[in-house]
Amino acid sequence: MCGIVGYVGSREVVELLVEGLRRLEYRGYDSAGVVVRGSEGLIASKAEGKLDRLVDKLSREPLAGSFGLGHTRWATHGPPNERNAHPVLDARRRLAVIHNGIIENFLELKKELIAAGWTFETDTDTEVVANLISSLYDGDDLRGAVDAARQRFEGMYAFAVMATPREEIVVTRRGPPLVVGLGDNECFLASDPAALLTYTREVIFLENNDLALLTASGVEIWDGQSQPVERVVERLNWDPIQVEKGGYKHFMLKEIHEQPQALQDTFGGRVDFELARVDFDELGLVEKDLAGLRRVHLLACGTSLHAALVGKFLIEELARIPVEVDYGSEYRYRDPIVEPGTLAVGVSQSGETADTLSAMEAARERGAALLAICNVANSQATRISDGVILTHAGPEIGVASTKAFTTQLVALFLLAVRLRQARGMETASEEIAALAHLPQAIDKTLALEAEIAQLARRFFRAEDFLYLGRGINYPIALEGALKLKEISYIHAEGYTAGEMKHGPIALIDEDLPVVMVASGDRVYDKVMGNMQEVKARDGVVIAVTDHDAEELAGVADEVIQVPRVHRLLQPIVNVVPLQLLAYFIGVRRGADVDQPRNLAKSVTVE
Ligand code: AGP
């Protein structure tokens with residue numbers, strides 16, 4: 001995940017920027033850079049790889065200046081190299097930008113700027129930000145230029161801009177966080193307060209769509225309508241654990257909220273949005289092997305198994321390759337049939353789950369090629385595999401898997417597209433374009449938190465829940481039920497909605513909340529029919545839908561309206577309210593939501 005730091009004041013800025021970036025290293029990145037204003041104007045220093053390579057370069061080619069910006073980048077657009085590292089300067093070298101997020105309409109803006117004579121040196125969407133702001137900058141009013149430019153941007157972003165004439169930094173955010181630190185005749189900026197606490201505990205958390213002007217004498221803020229606004233100055237008395245929790249009450253809630261960035265970090269650097277192509281350099285399988293695949297086995301446990309069940313829909317639809325999904329604990333004992341041309345994929349957050357590892361070994365022994373989709377580099381699953389797709393969710397501390405699950409879905413989506421490409425099928429342009437909108441859709445869904453906390457207040461005393469879904473959303477019903485079980489210790493079952501009439505319908509009564517995933521897809525009418533069956537038996541329905549909430553309001557007791565994305569990505573959005581519902585019910589029931597009883601983060605025994 002990208003890290004942002006900035007400073008205006010009288011300290012030696014380069015050392016301060018590097019130290020701030022060090023505190024953000026845990027977020028994961030693949031290049032780093034700083035920019036300062038020196039005697040000859042803006043001077044940037046950037047390096048691919050880890051921060052030490054930048055520090056080494058700075059020791060050989062030192063920079064000095066009184067204010068500046070620093071950035072650690074996780075590649076989204078363009079490979080992770082020095083050229084694409086931030087800060088990015090505009091073509092006229094008048095200003096520098098560092099950026100978190102994705103400018104979804106960057107292609108359209110880039111074409112417009114090229115037509116107006118602007119030139120580009122990087123593969124990044126950030127350079128579009130720099131050139132667009134420069135095209136609106138009169139050399140004096142940087143704030144006005146940023147305010148005008150941001151009206152053109154679509155997507156999620158947090159960026160900071162500095163120019164030369166004035167000692168000022170202009171920042172704005174929509175989605176990824178930005179926090180301003182206040183000192184005596186100095187001002188700090190960071191994407192995470194952990195980078196500021198050495199210098200100040202007086203901070204302002206900028207709100208979505210805020211634009212701020214930082215100078216040594218303080219900060220001025222404007223809202224999304226460009227009106228001046230006052231924001232609360234908070235005094236952070238966080239202890240080290242709270243710093244790690246980023247101010248959230250629990251790691252689980254923090255990790256639910258990290259999902260927009262985690263998803264972006266998982267597809268970032270692997271998707272060429274202009275060519276609508278996916279490429280992994282770590283897949284470890286040659287093109288002819290990929291093209292010759294005849295079957296895929298997805299092997300996993302728990303939440304990761306639910307991701308694998310969604311993966312079956314993705315791979316079978318996008319690559320037209322038959323997929324089998326099996327529990328790690330079952331696969332090896334059923335003497336599986338592994339035909340030539342089989343790819344076995346172990347899906348695992350930890351990469352250490354004994355049942356999954358055993359199943360992967362069983363598949364390899366029978367001749368399958370082995371791939372790991374995993375969140376932990378150098379874990380056992382990655383070491384035994386021919387290829388690896390790392391999910392870049394960052395460390396997942398909460399025992400209940402949330403961001404690891406949704407990043408697994410993104411990884412499986414990318415794998416499905418990659419297999420489609422290997423088979424020479426038609427470019428998945430629509431599906432790839434939809435990916436760029438996903439982080440913001442999740443961000444909008446997270447804004448439902450208060451509404452879902454209220455729902456938890458109504459239902460937390462229930463002793464049983466039923467979760468229903470159909471098609472690609474059936475695994476989401478399973479995952480929602482597992483989250484509730486794990487976190488709140490309430491008995492919850494997930495079922496495919498079509499199966500309800502074959503037994504579970506006997507459970508329906510006014511004391512049994514039924515959570516139904518009712519996406520506006522090709523099985524929507526069937527799900528609506530199942531909803532009517534529940535209501536006809538005095539059942540209580542909580543519907544999660546991207547469809548017409550009005551229509552559902554006449555049937556369901558509660559409707560959670562989520563943004564609509566491409567139907568193959570909709571499960572990723574649909575699961576977020578279910579994660580939040582489980583979390584708030586667990587908190588209300590006084591459960592230890594980060595370390596639920598009897599559970600381990602990684603089950604390394606069979
Ligand atoms: C997730 O919420 C659970 N704690 C558990 O089911 C987990 O998904 C399962 O143990 C598999 O773990 P892994 O992804 O690390 O292999």
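Nothing in this text is a laboratory measurement; each read-out follows from the coordinates by a stated rule. Computed from a prediction, not measured in an experiment: that's the story for all the values here. Note that we place each Cβ from the backbone using ideal geometry, even for glycine, and neighbour counts take in every protein chain shown.
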| remark: Taking a straight Cα-to-Cα line shorter than 17 Å from Lys110, and setting aside same-chain aspartates and glutamates fewer than 8 residues away, one finds Asp90, Glu121, Asp123, Asp125, Glu127, Glu154, Asp272, Glu274
| query | Which whole-number percent is the relative contact order of the chain (Cα, under 8 Å, 6+ apart)? | reply | 11 percent
| note | The alpha-carbon center of segment 316-392 and that of segment 69-131 are separated, in whole Å, by 38 Å
| request: For segment 181-191, take each phi angle, set θ = phi - 60°, evaluate the Karplus expression 6.51 cos²θ - 1.76 cosθ + 1.60, and give the result in whole Hz per residue in order, putting x for glycine and proline. | output: x, 10, x, 7, 6, 7, 9, 10, 9, 7, 8
| task | Sum up the charges of everything whose Cβ sits under 11 Å from the Cβ of Ala497, counting Lys and Arg as +1 and Asp and Glu as -1, but leave Ala497 out. | result | +1
| Quick one: which of Lys245/Lys444; Lys403/Lys444; Lys501/Lys526 span more than 18 angstrom between C-alpha atoms? | Lys245/Lys444
| message | Within 10 Å, Cβ to Cβ, of Thr545, how many net charges do the neighbouring residues add up to if Lys/Arg are +1 and Asp/Glu are -1? | response | -2
| said: Can you order the peptides 402-413, 241-252, 166-177, 427-438 by their average number of other Cβ atoms within 10 Å per residue, highest first? | reply: 402-413, 166-177, 427-438, 241-252
| query | In degrees between 0 and 90, to the nearest 10, how far off the longest principal axis of the chain does helix 126-136 point, with axes built from Cα atoms? | reply | 50 degrees
| said: Using just the Cα positions, wrap the chain in a convex hull and report its mean projected area in square nanometres, one decimal place. | reply: 27.4 nm²
| task | Jot down the radius of gyration and Dmax of segment 250-329, Cα atoms only, both in angstrom. | result | 15.4, 46
| So how do 549-562, 440-453 stack up, highest first, on mean other-Cβ count within 10 Å? | 440-453, 549-562
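Based solely on its DSSP helices, what 222 nm [θ] is calculated for the chain when runs of n ≥ 4 H residues each add -39,500 (n - 2.57) and the sum is averaged over all residues, nearest 500 deg cm²/dmol?
Values: 21 runs with 213 residues, N = 606.
That calculation yields -10500 deg cm²/dmol at 222 nm.
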| Based on the mean of other beta carbon atoms within 10 Å per residue, what is the order of 528-534, 134-140, 498-504, 359-365, most packed first? | 359-365, 528-534, 134-140, 498-504
| task | Taking just the C-alpha trace of segment 270-419, give me its Rg and Dmax in Å. | result | 14.0, 46
| Hey, how much of the P(r) for segment 407-556 falls beyond 29 Å, as a percent of Cα pairs? | 24 percent
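Note down the net charge around Arg564, summing +1 for each Lys or Arg and -1 for each Asp or Glu among other residues with Cβ under 13 Å from its Cβ.
Every neighbour counted, the sum reads -1.
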| task | Whole Å is fine, so just give me how far the alpha carbon centre of segment 242-263 lies from that of segment 473-522. | result | 27 Å
| Can you give the angle from 0 to 90° between the axis of helix 449-459 and the longest principal axis of the chain, with both taken from C-alpha atoms, to the nearest 10? | 30 degrees
| note | Along segment 65-72, Karplus-curve 3J(HN,Hα) (6.51, -1.76, 1.60; θ = phi - 60°) to the nearest Hz, with x for Gly and Pro, reads x, 9, 8, x, 10, x, 8, 10
| note | Answer in debye to the nearest 20: the dipole magnitude of the chain about its Cα centre, from +1 Lys/Arg and -1 Asp/Glu charges placed on Cβ, is 580 debye
| task | Working from Cα positions, state the angle (0 to 90°, nearest 10) between the long axis of helix 106-115 and the longest principal axis of the chain. | result | 40 degrees
